[in-house]
Amino acid sequence: MDFIITFLNGLSLGGVYALIALGYTMVYGIAKMLNFAHGDIIMVGGYVLFVFVGLTGEPILAIILAAFLCMLIGISMEKAAYKPLRGASPLAVLITAIGVSYFLQSLAQIIFGAAPKFVVIADLGTITLGSLVIPVYSIVTLVVSILIMIGLSLFIKFTKTGRAMIAVSEDKAAAQIMGINVNNIITVTFLIGSFLAAIASVFYLLKAPNISPTFGSKPGIKAFTAAVIGGIGSIPGAMLGGFLLGIVEVFSNSVPQIAPYTDAIEFLILIIILLVRPTGILGKKRREKV
Amino acid sequence: MALLEVKDISVYYGVIQALKGISFEVEEGEIVALIGANGAGKTTTMQAIMGLIHPKTGSIYYNGERIDNIPTHKIVKMGMSEVPEGRHVFQELTVYENLMMGAYTVKNKEKIKEDVQEIFKLFPRLEERRNQIAGTLSGGEQQMLAISRALMSHPKLLLLDEPSMGLSPLLVNEVFDIVKHIHQEGTTILIVEQNAEKALQIADKAYVLETGNIILKGTGKELRDNDDVKKAYLGG
């Protein structure tokens, strides 16, 4: 019975990782950069929730505002920090992203202090099914993240903007000569990634209601690992990697003897997968036909 | 006024100068060929016209408007389209989806449907493979798809960069027949080719590019009869 609960919790954490990993993988696929400040957008979302749940007591309103402000900060960061570096060396972009990450963390620390803040969005409690006591947040997290992923997949497959995203990620120059404004597509990508990060912050706070300036670092690194395991640049890969890592993490934590080594186990999986398949599970090697 | 006017453009890759101040014109209704060996600057010229790279000096005018500093997607909306070197079809999309990408700037959905039917009449092979992933097509089919995709936006000026590259002689003939057909339908064409013989046969006007300079120009026939051209590009 414990197994079922653990599995459900694993899927639920996996869903959250997948949402965050999608942000990394889409930005990588389309802007060809690693946005290491992506995790910090989760932190921004957390503080927005802290402020507005405290101020209004309306969780839904606070979630909408968090999504909106995360999207705003996401595109501002792209316009201010990354856009001027279009065409610059990847290393310059990478170090800039790390700089943006520290900037956001320091800003949060100046505004809110280093001590964790306590924020309860809602207490969802548990439901009992026979002998199973299931935490409701797990079910909500899993269901909502799957719905969002389905929505995103449909958006990419069936809308003009979505197909333009695939085109840009596959071949930027060819996309441009189709008449696609690549800058607009990059903006849309950051909007979607930041929205997903905001939703992830809600799920994190439902599970553990504390927020600090480094709140986004750990989930950011884990989700980035998930994206690389699945194959960075691949959308199904990010989803698969997210669920895989979530399940491994929760199962590993459920065994007291190996729980302290959970992070090590996750990164070991990353190393093994990179040794066996350097492009990740669903990552493709591009073959040029001449 | 020429449809396309390239005036003394030079392009650098770092310190290497790829184009050393070249000028040429494409009049409406013409087929103009740029011929030259590998590394002469043919593709660089095409990319500069499409706005994928920006010349350091000089200017480019399309329909009287200066275009060397505007982004590619706007140039496409002005009625220019390119079949890039190496085809660059979207490998992960189907044939049909590739055509839809070609129609990205077209708003009228009915028109797009009609255009797809027209394309399928011209290339029945593409209709057979409508839902096939483009990456699985043969080289010749990919070239047909790249040409079709470029036609979907109804270009006034079509740029073709090495359309015969890597194709069998039979397919090369087919591609050039199609180029002639597109021209007869009223599209102005600028073609870049290593296959100088074929290009000069269909060209109204041609320029010979060598290491970043235009060293010769003339009508297609004049260049075919030119001894230097014969020796260097037509196999004696």
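The values are calculated or read from the model by the stated rules, or taken from the named source; none is laboratory data. Model, not experiment: these values are computed from the prediction. Methodologically, a virtual Cβ is constructed for each residue, glycine included, from the backbone with ideal geometry; neighbour enumeration extends over all protein chains shown. Each accessible area value is taken on the protein alone, full model and side chains, heavy atoms only, with ligands, DNA and RNA left out. Shrake-Rupley method; radii C 1.70, N 1.55, O 1.52, S 1.80 Å.
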Checklist entry - Pick from region B:73-83 the residues that are surrounded by fewer than 23 Cβ atoms within 10 Å (Cβ to Cβ) and not aliphatic (A, V, I, L, M): which of them is nearest to the chain's Cα centre (by Cα)? => result B:GLY79
Checklist entry - What is the number of the single condition among (1) in contact (Cβ under 8 Å) with a residue 60 or more places away in the chain; (2) surrounded by fewer than 22 Cβ atoms within 10 Å (Cβ to Cβ); (3) more than 14 Å from chain A (Cβ to nearest Cβ) that B:THR45 does not meet? => result (2)
Checklist entry - Is it the case that some residue within region A:192-211 is away from every other protein chain (no Cβ under 14 Å), open to solvent by less than 30 Å² (accessible area, probe 1.4 Å) and not in a helix (DSSP H, G or I)? => result yes
Checklist outcome for this item: Expected single match for within 14 Å of chain B (Cβ to nearest Cβ), outside any loop (DSSP other than H, G, I, E, B), of a type in the set (Gly, Ala, Ser) and open to solvent by less than 10 Å² (accessible area, probe 1.4 Å) among A:GLY242, A:GLY246, A:GLY237, A:GLY220 is A:GLY237
Next on the checklist: I need the helices (runs of 4 or more DSSP H) fully contained in region B:71-129, keeping only those with at least 2 residues that are more than 10 Å from chain A (Cβ to nearest Cβ) and among the hydrophobic types (A, V, I, L, M, F, W, C).
Outcome noted: B:95-102, B:109-122
Next on the checklist: When the residues of region B:42-61 are narrowed to those that are of a type in the set (Ser, Thr, Tyr) and assigned to a strand (DSSP E or B), which ends up nearest to the chain's Cα centre (by Cα)?
Outcome noted: B:TYR61
Item to check | Number of the exception - A:ASN184 against (1) open to solvent by 60 Å² or more (accessible area, probe 1.4 Å); (2) part of a helix (DSSP H, G or I); (3) without any contact (Cβ under 8 Å) to a residue 40 or more places away in the chain; (4) closer than 29 Å to A:GLY14 by Cβ | outcome: (4)
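Yes or no, residue by residue, for (1) within 21 Å of A:VAL143 (Cβ to Cβ); (2) β-branched (Val, Ile, Thr):
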| residue | (1), (2) |
| --- | --- |
| A:ILE221 | no, yes |
| A:PHE224 | no, no |
| A:VAL228 | no, yes |
| A:GLY231 | no, no |
| A:ILE247 | yes, yes |
| A:SER252 | no, no |
| A:ALA259 | no, no |
| A:ILE271 | no, yes |
| A:LEU275 | no, no |
Checklist outcome for this item: Counting only residues in region A:1-41 that are among the charged types (D, E, K, R) and surrounded by fewer than 24 Cβ atoms within 10 Å (Cβ to Cβ), the one modelled with the lowest pLDDT is identified as A:ASP2
Checklist entry - Looking at A:ALA80, A:ALA115, A:ALA108, which one is surrounded by fewer than 16 Cβ atoms within 10 Å (Cβ to Cβ), under 20 Å from A:VAL202 (Cα atoms), out of contact with any strand residue (DSSP E or B) (no Cβ under 6 Å at 6 or more places or on another chain) and of a type in the set (A, V, I, L, M)? => result A:ALA115
Checklist entry - Which condition number does A:LEU49 fail, the rest of (1) at pLDDT below 95; (2) outside any loop (DSSP other than H, G, I, E, B) being met? => result (1)
